[in-house]
Each structure stands twice: as C-alpha cells, then as structure tokens.
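Bear in mind that the values in this text are calculations on the coordinates, not laboratory data. Nothing here was measured: the structure is a model prediction, and the numbers come from that model. Virtual Cβ from ideal backbone geometry, glycine too; neighbours counted across all protein chains shown.
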Amino acid sequence: MFKKNIFVIALSVIMISTSLLPITSGIKIDTKKTGDNSTHINRYADGNITYKEYYPGAKPEPNVTYYNPDQVIIYFKEHLLEVFVGMIFLGNYIVDIIPELNTGLMMVVKYPPDISNIFDLIVYITSCGEVKSAELNTIYYGAPISEGDSTDKEWGQKALNLPKAWSLTKGERYVSIAIVDSGIDRNHPDIPLPEKEIDLIEYWPLWDYEADDEAGHGTITTGIINSVAPNCQIYSVKVMEKKYPPEKNGKTLKFILSKGILHAARSVALGGFGANVICVAITETKEEFQDEDCTLGRACNRARNVYHSIIIAAPLGYESTFIGSPAAYSTTLCVGSINEDYEIYASPHGPEIDLVAPGENIYTTVKDGGYDFKNGTSCATAFVAGIAGLYFSEKKIRIPNMQDVRDCESALVGSASEHDLGEEGKDDYYGWGLVDAYYALTIPYNLVVDFTWFPKEPKVGKIVKFKSSSYDPDGIIVDYHWDFGDGYSISGIFEKKVTHKFDNPGTYEVILNVLSSDGQLEFVSKDLTVKQGRPRLLNKYMVNPLIQKLFPNFY
C-alpha cells in the first residue's frame, strides 16, 4: 500500500509540474524536423484496424486494439540521444526506459501547437531528428483460457510422449524456464516458490519482488511447466494484472511486456534472470503491424539473438486467421492447440503456426491452492516450454549460445514433423505437427559442413589453401574427404586444412564430404573459378630486383 501511495504522489507531482512547463522547458533537445509531417507515414492509418482508448473494464474484442491514451513509446537514435528516466521531451516526461533498446515511455500531458490527438502526435514525434520511431502503448491480454471437463488427467502428457522422455530426464537445476505472465499462486502446495521472481506491473521503478497472481493465468501455465520439467528452475516475471471482470485472463501494456521478456532473458550480470527458456502466453487482440519493427519485436529479437533464450509463444485463442504478436514473430516458436481427438481446438490458423500441443482438458494448478481442467493455447504453449527445458537438461547446456537455440528450435520442430497432422508437411493449422518430447530429446544434432579457400581468386599453378569450418555439435568428425573437381582428391581424419594446385583455368566443383562419429554423412559443394595468371616476360634472375618489386605480377 505504501509503495502505491508513493507512486501516486510521485506521478501526480510529475503531471502537475509538467503541465506548468512551456513546451521547450527542461533539458534542451534538438527537435529539428527531418521534413514536413506529411512525408512521415502514419502507421496507424490502416482502415482495417480499429483503435480504441482503453477504459477501466474494457472487454477484449477480437478486432479491436486498445491503447493507453496518455502514453507514447519512443525509440531514439542511439548516436544522437541516450534516453534516461526524468528526461523531458516535447514538454513531457520520460517516466520509464528500456536501456538496451534506447527506448523510453513518455507520459503525455501536453501536446505541441496544432496537434490535438495522439495519432498526430506520433507522426510529429517521428519527424524529430533524434527519433527513429514512435508508437502507441497498446493493451495485451493473456491468451484466453476456458474451463475444461474431463476425467483423464494425463492425456496431454501421454500425447506428447512425456513418460518416455522422463526416463531420460525430468530437468536439471541449472536449466531455467521464465514464465512471463501474471505471476503465480505463491501459497499453492504443488508449486514451489520460484527461484527468481519480479513484479513489473508498476512502470515507476518501485518493483515488487513477489509475483502474486491476481488473474490466475500464470498459475495455470506454471503448473503445466512444473509438471513437465519438475527439476528445472522456475522464474516468474509478472507483467499482467486483473482489476476488472472482463480482464479474466489478465492484461498488460506493450512496454511492460517488452521489459518483462528482456528481464527474463538478460543475464544475471546485467541485472536480469538469464533464462534458457521463456514462455509467453500473452497476445494482442488485433495485430498492429505486419512487420517486427516495434518495441516488442525488437525485445524478442534481442532476447533470442543476443541473450540466447528460446521464446515459446501462444497465438490468440480464437479459431480465426489472426495469430497475434509476439507469437507471429520469426524470433518465437508459435504453438497451436489440439483436442483429445488430435484436431485443432480453440486455435487460430496461419503460416506462423510452427507446431501444436494438447490444449483441451489439461489438468493443472489454479489459484487458491486448487486444481482444474483448462483449455487454450496457453496450455499448449506451457507444455512446449517445459519440453524445451527438458531438451537443455538432456543436452547438458547450462548457458546456451546461438547455435544451441537454433538446435533446440530444430529439435522441437523436427519432433513435430515425425507426428505430422493435417496436410502432409507444414500447414497453416498444425504447423509441422504434434511435438514428441522423447524424439526432441534424442534427435541427433545436424552435422554442419562448410569450407573456405584462400586466395579468393586462385591462379593457375598457384597454391590454394582450403579450410573446413565443419563441426558436429554432439560428436566429433572422423573423416574429411576433399574432391577438387580436377581428378584429384584427398581424405583423412586430419585433413581439416589442405592445399591444392590447379593446372588449368576453368570453373571446378569442389566437394567436401564429412563423416561424424555418430554415422552422419553430409557434404557441401562450391564452384571455384581458377584464372590464368599473367605470363612472365623474362626470367626473374635477369631482371633488376627493384623492377621485380615494382612489377611483382610480371615476375
């Protein structure tokens, strides 16, 4: 209570003081425009998208995007301006930041002259020289979860082949799964207290480090993950709250969700949690943009490609063609849901669906210490997040690198392709198919084969140095076989680096075959063009040494 009172007082002081400031007050910032406002595209001008101001108790609608009318997210150009809390921009305060994205949240209490609405304000802000882009702080909701009705408490685990996978591992303590959701029931008898937890609901930096679940959504997903990988560490990042009945699955804002994903992924050394796996069963109700060039898209990109966390995300839980972000992003794995008849259930369809998992009548933990059957893509997503934790445990991966993330994604998708549902191959309803936990844990890593040569433009009769960059993530290479395309070849376990001379000009197909200790045989072929060198005019011993240095290509 004390924390909230302090926050209200501080925010009130900011809003009152800001309203008294002229528009150029505070820290001097160059707002020189890059051109007339009309030249800047209004990304909210799409007539197919309905935007509404959020109001307390607003009911989520499938074709409507709600936004906070008093806030704008601004992405600043790093080389021109470093954003910080308390900075004044266009007469308004920056009240929160995401440092690694150089992005700030501006509380809007004053508009520039001739600007009367937030959409025109965004176009105006984008035209400022030190700004890359600006966007609405839109509302996101927990992927819908409904009540189930069944007597089979384990059908989901059986469908995913989890009992067989558990014969290999039930997780390791050095593998962590972060659940970016509404928190957890901290008093539930079957949910251990999270190893790390944080409440990011308040954007003023007075964080609560106990992620109590108001909506119940996070308790449901946490229970499923804990049942799949009970020995993995659970991190809880609370980004959703529930204050009104229509928000039964919880709600959040784009800025808070982006902060939550980055906090889960960011290493401990940088003040984050450093999770191996991130489960995000949160989505929007109407897609804003088709690209990923927004705050949430950049957050997911950094979480995966810089901090090396695999992100498992839930699409919108309606049977429609709308997926929603972040599940629609290329940096996440999008999980659809199926019922006990292995048919799509409460799940959208589209090319972004990567795979499916059980999402009907899933027995799990609920708020206030109870248990119940639940339905939805959130349940399916939690299953896959738990399996990803088992994967890192079985492979003994403590701190994943980029290749580890790709391999985990490939293992999950590869296991799904072994249980293809719907049309043959990948389709818009089932993706690649139903995940198989045991297959995902035992699928061999792909042998990676590649090579380079020097010089890049070889000449006839000159030595060409070849170097293999091939590797086997779960074994060793036992043989390299080089075929130079001119009738000559060489092979052996120590032939990672070789040299060769070509006697005639032309284009040669150079082939490298690589054999690994687990029996995998892969190859790569590349075309190499050999050119005729310039003829020597005289014997080098007959020419002055100075001339040789001046014209080395002739001698």
Check your understanding: Considering amide H positions built from the backbone, and no H for Pro or chain starts, which residues 5 or more places from VAL366, or on another chain, come under 5 Å of its amide H?
Key -> TYR371, ASP372
Point to revise | Per-peptide average of other Cβ atoms within 10 Å, ordering 260-269, 273-282 highest first | key: 273-282, 260-269
Review point. In nm, to one decimal, how far is the modelled label at SER410 from the one at ASP149, with both set 7 Å along Cα→Cβ?
Key: 4.6
Check your understanding: By how many nm would the segment from ILE49 to ASP450 lengthen if fully extended, with 0.36 nm per residue of separation less the alpha-carbon distance?
Key -> 139.7 nm
Revision key, fill the gap. Amide H contacts under 5 Å for TYR140, restricted to residues at least 5 apart in sequence or on another chain and with H modeled in the peptide plane, are THR252, LEU253, LYS254
Review point. For segment 443-534, what are the per-bin percents of Cα-Cα distances with bins 10 Å wide, up to the bin holding the maximum?
Key: 17, 48, 24, 9, 1, 0
Point to revise | Linear extension gain, GLU100 paired with ASN231, 0.36 nm per residue minus alpha-carbon span | key: 44.0 nm
**Study point:** Between segment 469-516 and segment 59-111, the Cα center-to-center distance that results, in Å
**Key:** 55
**Study point:** Residue-wise HN-Hα coupling along segment 488-498, computed from phi with Karplus coefficients 6.51, -1.76, 1.60 (Hz; x: Gly, Pro)
**Key:** 10, 8, 8, 8, x, 6, 9, 8, 5, 10, 9
Study note, to complete from the structure: Here the FRET efficiency for ASP372 versus ASP212, based on Cβ atoms and R0 = 25 Å and rounded to 0.05, is 0.80
Exercise for review: Along Cα→Cβ, 7 Å out, is where each label goes; now give me the distance between the ones at ASP503 and VAL478 in nm to one decimal.
Suggested key: 3.5
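When THR452, THR138 are ordered from fewest to most other Cβ atoms inside 10 Å of their Cβ, what list results?
THR452, THR138
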Practice item. Just grab the label-to-label distance for GLU78 and THR321, each label 7 Å out from Cα along the Cβ direction, in nm (one decimal). Key: 3.8
Exercise for review: For a footprinting-style exposure proxy, rank MET402, MET107 by other Cβ within 10 Å, fewest first.
Suggested key: MET402, MET107
Revision key, fill the gap. In order over segment 182-187: 3J(HN,Hα) from phi, Karplus 6.51/-1.76/1.60, θ = phi - 60°, whole Hz, x for each Gly or Pro, gives 9, x, 9, 6, 6, 10
Check your understanding: Given a Förster radius of 30 Å and the C-beta distance between PHE523 and SER330 as r, what FRET efficiency does 1/(1 + (r/R0)^6) yield to the nearest 0.05?
Key -> 0.60
Exercise for review: State whether segment 143-442 is rounded, prolate or oblate according to the following rule on the C-alpha gyration tensor (a ≥ b ≥ c being the square roots of its eigenvalues): a/c under 1.5 gives rounded; otherwise a/b larger than b/c gives prolate, and the remaining case gives oblate.
Suggested key: rounded
Exercise for review: Would you work out if segment 179-277 is rounded, prolate or oblate? Take a ≥ b ≥ c from the square roots of the eigenvalues of the alpha-carbon gyration tensor; rounded if a/c is under 1.5, else prolate when a/b is larger than b/c, oblate otherwise.
Suggested key: oblate
Exercise for review: Mind jotting down the distance between the C-alpha centroids of segment 301-343 and segment 429-456, whole Å?
Suggested key: 20
Exercise for review: Evaluate E = 1/(1 + (r/R0)^6) for VAL460 and ILE493, where r is the Cβ-Cβ distance and R0 equals 30 Å; express this FRET efficiency to the nearest 0.05.
Suggested key: 0.45
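Considering Cα pairs under 8 angstrom that are at least six residues apart, work out the relative contact order of segment 451-530 and quote it in whole percent.
Answer for segment 451-530 is 32 percent.
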Point to revise | Too-long pairs where the Cα-Cα distance tops 23 Å, listed order kept, from LYS196/LYS259; LYS170/LYS238; LYS170/LYS426; LYS153/LYS367; LYS395/LYS526; LYS153/LYS196 | key: LYS170/LYS238; LYS170/LYS426; LYS395/LYS526; LYS153/LYS196
Review point. Please state the equivalent ellipsoid semi-axes for segment 92-156: what are the square roots of 5 times the Cα gyration tensor eigenvalues, largest first, in whole Å?
Key: 42, 15, 11
Review point. So which aspartates and glutamates pass the test for LYS110, namely a Cα distance under 16 Å, with those fewer than 8 places away in the same chain ruled out?
Key: ASP70, ASP120
Review point. When ranked by the protection proxy of mean other Cβ atoms within 10 Å per residue, highest first, what sequence do the peptides 186-192, 407-413 form?
Key: 407-413, 186-192
**Study point:** Per-bin percent of Cα-Cα distances, segment 46-161 [10 Å]
**Key:** 11, 34, 24, 13, 10, 7, 0
Point to revise | Fewest-first sequence of ASP486, ASP199 by Cβ atoms within 10 Å of each Cβ | key: ASP486, ASP199
